[in-house]
Every structure is written in C-alpha cells, then in structure tokens.
Amino acid sequence: MQTGIIVQARTGSTRLPYKVLLPFYKEQCILDIILQKLKTLNFPVVVATSSHPNDNKIVEAANKNKIQIFRASEENVLERYINCAEENNFSNIIRVCADNPFIDTSLIEELLDESADYSAHFFQDKPSIQTHWGVFAEFVSLDALEKIHSLTKEKTFLEHVTNYIYLNPELFNINKMNPPVLCHVDDIRLTVDTVEDFKLAQTLYKLCVEKNSKFNLSTILKNITQEMKIQMMQSIAFNQK
C-alpha cells in the first residue's frame, strides 16, 4: 500500500460546464496544467471521474497526459474515492480538485502525515479546501474514508468527500497545519468556479508565464494587479451570499 494522488474531475459544473477542459492557455486546458504539475511529484496520479458519457472528454485529457483513469458513480463521490484507492493500492490519498490551475506542489508535499486520518492547512477551523485560495490539496487515509462510509449515507457527505471528518473532529486524528504567512489575507481568489474566475485566472496565468515566474504562491501573488484584486474581492463577496 502507498500514498497516491487522486484528481477529482468532471464536466458537469453547474456554474461553468466543462471548465477544466476549456482552452485556458495556448493548447492547454486547466486539467492539462494540473496533471503536468502533479507528474513532477513522487506519487502515482489517478484521475477519478464519473461513468457519465459527458466525462469521456475527461478520459481523453487524462490519456493525452499519460495519466491513469478511474470511473465510477457520478453522485457517490466518496465511494468513487474508496474504490479508486483500493484498485490502486493507495492506503493514503492526496485529494486534488481539477479546477485549481494555480495549485502549489510545494504545499502538497507538506501534507504527508501517515499517522493522521486527515491532514490539511487550516484557516482557524476552516480547512483550505473550503476556501477560495485554490492552491491547496488535502491528505486523507483510506481507513478514514471507509469509516465515513460506514457511519453515514447522507447525500452531502457522499458528494463532499471529507466534510464529515472536519464536522466530526472527535472521531478522527486530524493534523491541522498552519497556512503560509502569505495567506493571512482574505482578498485573494485563485479557484475557478465561474466565467469571471476563468477569465481572470487566464489573464494571471499568462502574465506569470510571460514573466517566467515559477508557479508557487509567492510569485503568483506578486503578479496580481490591483485591478485583479478588486475583481477577486467582488467574486468572493458574490460567492459568500
């Protein structure tokens, strides 16, 4: 058994369908960019998508990047993760969402804690996966996911894989890591949910490439203009309604 990265990807986003496959930078889509980053790490990578025909395009993108694919239930994402981990002999999982083009691989490497059920960067009591930063991943053990599966069948916990853990912390061994000092602001949004997010991320990504910036948190933040920050703040306010 080993630790592996499972990338959760689908085409059926309500606010921006096919967002991870839309042309983002030159010939690359967001999923291409994320998979190429993850391939630089010393972990096996699997894309876990649904069996819905619309997600055949996800399979094509994974194949293009020479990444293994796993397909299962569209609604029961928790079960999809468990089955994917079992098939690939993963005892621990690094969970990555496919809509974060600015994901920071150095922050992923910090997560590994094989003594924990769950490991993530926390903003007070909020795990990074629930923030609008879009640079973080999370670590979870297969045992913890199987425990969730045995304790609840509520739809929200089947869809949002790790929510049950941080809503029931007394049942799990949780490693709460401090986010980087650079994250002690609340006006940055790098995740992609809407058309506006997508266009802003495109502009920022292109600017970083043109300046030959490394895609870590520090250099990304240096390339955010005041106009971009205003747009981010507007998007944050809108999504908190």
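Using DSSP, restrict attention to beta bridges with both residues in the chain and report what percent are antiparallel, rounded to the nearest 5. List each step's numbers first, then the result.
Details: 9 of 29 bridges.
Among the beta bridges of the chain, antiparallel pairing accounts for roughly 30 percent.
Based solely on its DSSP helices, what 222 nm [θ] is calculated for the chain when runs of n ≥ 4 H residues each add -39,500 (n - 2.57) and the sum is averaged over all residues, nearest 500 deg cm²/dmol? Don't jump to the answer; show the numbers that get you there.
On the way: 10 runs with 90 residues, N = 241.
Result for the chain, helices only: -10500 deg cm²/dmol.
Enumerate the aspartates and glutamates that residue 66 could reach by cross-link, defined here as Cα to Cα under 13 Å, with residues fewer than 8 away along the same chain left out.
Partners within reach: 32.
In the structure displayed, which of 37/126; 57/199; 147/229; 19/222; 126/222; 153/176 lie more than 32 Å apart, Cα to Cα?
Values: 37/126 26 Å; 57/199 22 Å; 147/229 41 Å; 19/222 25 Å; 126/222 25 Å; 153/176 26 Å.
Violating the 32 Å Cα-Cα cut-off are 147/229.
So with the 1.4 Å probe, I'd like the accessible area per residue for the chain, rounded to whole Å².
On the way: 11590 Å² over 241 residues.
Per-residue value: 48 Å².
Considering only DSSP beta bridges whose two residues both sit in segment 115-229, what percent are antiparallel, to the nearest 5?
Details: 4 of 8 bridges.
The antiparallel fraction comes to roughly 50 percent.
So who's got an amide H within less than 5 Å of the one on residue 138, skipping anything under 5 residues away but keeping other chains? H placed 1.01 Å off N, in plane.
The list, which skips near neighbours in sequence, is 95.
Where is the GNM fluctuation largest for the chain (alpha-carbon springs, 10 angstrom cutoff): 81, 205, 166?
Greatest mean-square fluctuation among the candidates belongs to 166.
Local charge sum around residue 76 (other residues, Cβ-Cβ under 14 Å, Lys/Arg +1, Asp/Glu -1)? Don't jump to the answer; show the numbers that get you there.
Values: positive: 10, 71, 80, 153, 155; negative: 74, 75, 79, 146, 154, 159.
Result for the neighbourhood of residue 76: -1.
Calculate what fraction, in whole %, of the accessible area of the chain sits on carbon and sulfur atoms when a 1.4 Å probe is rolled over the protein chains. Walk me through the intermediate numbers first.
Values: 5590 of 11590 Å².
Roughly 48 percent, rounded to a whole number.
The values are calculated or read from the model by the stated rules, or taken from the named source; none is laboratory data. The shown structure was predicted, so the numbers you read here are calculated from the model rather than taken from an experiment. With ideal geometry, Cβ positions are generated from the backbone for all residues, glycine too; neighbour counts draw on all protein chains shown. In case anyone asks, the SASA skips ligands and DNA or RNA and just uses the protein heavy atoms, side chains included. Shrake-Rupley method; radii C 1.70, N 1.55, O 1.52, S 1.80 Å.
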